[in-house]
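Visitor: Got a structure for you, questions after.
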Amino acid sequence: MKVNEKMSILFLLEKSKPPVDGMYPLYVRLTVNCKRAEFSFCRRLRPEQWSQETNRAIGKTADIQAISNAIDRAKVSIQQHFDRLENQHEIVTAMMVKLAYLGKLKDEKPKEKTLLFALDYWITKFEEKVNKKKRSAGTLKRWYSLRKKLKAFIQDEYHKPDLDLSEIRFAFAEDFLDYLMLRDANEIGSNAAMKYVKNTKQVLKKCVERGWLIINPIQDFSCVYDQPERERLTMHEILEMYNKPMIDRLREVRDIYIFCCFTGFAYSDVYHLAPEDIIRGIDGKNWISKNRLKTDNPETLPLLPIAQEIVDRYKENRYCLRQHCLLPVNTNQCYNAFLKEVAVVCGINKHLTTHTARHTFATTVTLENDVPIETVSKMLGHRSIRTTQIYAKITQKKVSNNMKDLESKIFNGQGLLKVS
C-alpha cells in the first residue's frame, strides 16, 4: 500500500518458514525512497485467512477483526512516525521509520542547521546548475568566495568555526560589512562588501523557505550601492576605432569589442557564440540568439550592419573553423590587455574593459537613439528593467534630443508658443 510519494507499507505472510499449527507469521515491509526495512508484526494467520491483493485479513471472527484493526492502527502509527521524522531530519530512511515504530530509535533533538551548512547546501545546488550549463561558473566562484569570507568573519567575530542559524541577529549584517571593509585582507570596497552581504541575505531567505529559520534576521538590512560613473564610448570614438589600421592581433580584439558595442553581449557570452546562434528573424534578417551564461536569460536581437560585417569577416577564419566558434575571442586576460593597447593606438583616454562595450550598447547605440528602455532590457537579457537602468544612465545627448523634440512641438521658429 503506497501511503504517499515517498513511503509504502506492505503486510506479508512469511511462508518461507515452517507453519505453526498451519499458521504463518505476518510481517511488515516498509519502503522509503526505494529502500526497504522489514519487521515482524507478531500475528499469525492461515493462508486462506489472508488476501495479499487487498492486503487485508479475511473473515468475520473476533480474532480476524482484531488483526484487521491492529493493521489499521499500525498503518496510522507508521505514517505519523514518518511525518515526524521528516520534519526533524533532512533524510529519512526506512530503517529510521522501523526503529521509531518499534520504539528503538533514540529520539534525539535534530542537530541545528548552521550558516555554513546552509551555504554549502546552496552551493551544491548551484554546482548542479553550472554542470547543466544553466548558470555561470564565474558566479559559482563568487559563492565560493563568500563562503571563505563568512568562515573567516565567524572565526574573527565569534571565535568559532561556524554559527547556528538561531544565533544570527540583525547586527550580523552590519558587523559582516564592517569586517569586509575594515579587516579583510583584500581591502574590499563598499560595493563589493555590500554584494557579499546581499548574497548572505539570499542564503538566509532560502533557509526560511526550507523551514530552517522562522524569519530572516537580516531581511530588513538595506544594501545600498554607490553607483560609479560607468565608462562608455561615444559614436565618434566607436567609428574612429573601427576605421583605425591595426596589426592583426589588435584588429581581432578591436573587431570583437566593436561587435559587443553593437550587440551588447558580455565577454563570456561572445566567447561561447557559435555559428548556429545566428538565426533568421521574423523580418527575414539575421538575428543572434543566445542564453546568457550568467543568468540563463535569452539575449536575442537583430544584427546591425557593422556586427554582421564582423561576423562575415571571420567565417573562414582557421581558428573559428577549428574551434567551431563565431569569433576568435582571446582569453579574458589577453583580451583586456590588448584592449589597453587598442585604446592607446586610437588615442582614447578611457579604461576599456570587456564590459564597457556592453555599457556603450546600452547608452550610445540604443538609448541615445530613442530605443525604448524596455527593448534595450530585452536585448541585454536582463531579468529586471531596474538592472538596465543601472547600465543606461541618461546622457546629455539623450536630454538634448528629447528637449529638441519638445521645443519643436510647443514653440514656433520665432520662439513663440504655438497656439493650438
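Visitor: Based on what the data block shows, is residue 96 hydrophobic (A, V, I, L, M, F, W, C), more than 27 Å from residue 217 (Cα to Cα) and surrounded by 14 or more Cβ atoms within 10 Å (Cβ to Cβ)?
Guide: yes
Visitor: Would you point out the residue of the range 347-374, among those that are hydrophobic (A, V, I, L, M, F, W, C) and surrounded by 20 or more Cβ atoms within 10 Å (Cβ to Cβ), that is nearest to residue 264 (Cα to Cα)?
Guide: Only one residue tops the list, namely 361.
Visitor: Do we find that residue 68 is without any contact (Cβ under 8 Å) to a residue 40 or more places away in the chain, closer than 16 Å to residue 10 by Cα and surrounded by 11 or more Cβ atoms within 10 Å (Cβ to Cβ) in this structure?
Guide: When the stated conditions are applied, residue 68 passes them.
Visitor: Quick test of your reading of the structure: residue 189 fulfils all but one of (1) outside the structural domain of residue 306 (by TED's automatic domain parsing); (2) touching a strand residue (DSSP E or B) at 6+ places or on another chain (Cβ under 8 Å); (3) within 27 Å of residue 389 (Cα to Cα). Name the failing condition by number.
Guide: Going through the list (1) outside the structural domain of residue 306 (by TED's automatic domain parsing); (2) touching a strand residue (DSSP E or B) at 6+ places or on another chain (Cβ under 8 Å); (3) within 27 Å of residue 389 (Cα to Cα), residue 189 breaks only (2).
Visitor: Would you be able to say whether some residue in the range 290-302 is closer than 15 Å to residue 238 by Cα and surrounded by 13 or more Cβ atoms within 10 Å (Cβ to Cβ)?
Guide: No, the range 290-302 contains no residue that is closer than 15 Å to residue 238 by Cα and surrounded by 13 or more Cβ atoms within 10 Å (Cβ to Cβ).
Visitor: Please specify each residue of the range 341-356 satisfying the condition of being in a helix (DSSP H, G or I) and either within 25 Å of the chain's Cα centre (by Cα) or polar (S, T, N, Q) (or both).
Guide: 356
Visitor: Scanning the range 29-49 for residues that are within 20 Å of residue 75 (Cα to Cα) and in contact with a Lys or Arg (Cβ under 8 Å, 6 or more places away or on another chain), which turns out modelled with the lowest pLDDT?
Guide: That would be 33.
Visitor: List the pairs whose first member sits in the range 327-351 and is charged (D, E, K, R), whose second member is in a helix (DSSP H, G or I), and whose Cβ atoms are under 7 Å apart, counting only residues at least 6 apart or on separate chains?
Guide: Final answer for the pair search is 341/250; 350/343.
The values are calculated or read from the model by the stated rules, or taken from the named source; none is laboratory data. Quantities reported herein were computed from a predicted structural model and do not represent experimental measurements. A quick note on method: Cβ atoms are made from the backbone with ideal geometry, for glycine too, and the neighbour counts reach across all protein chains shown.
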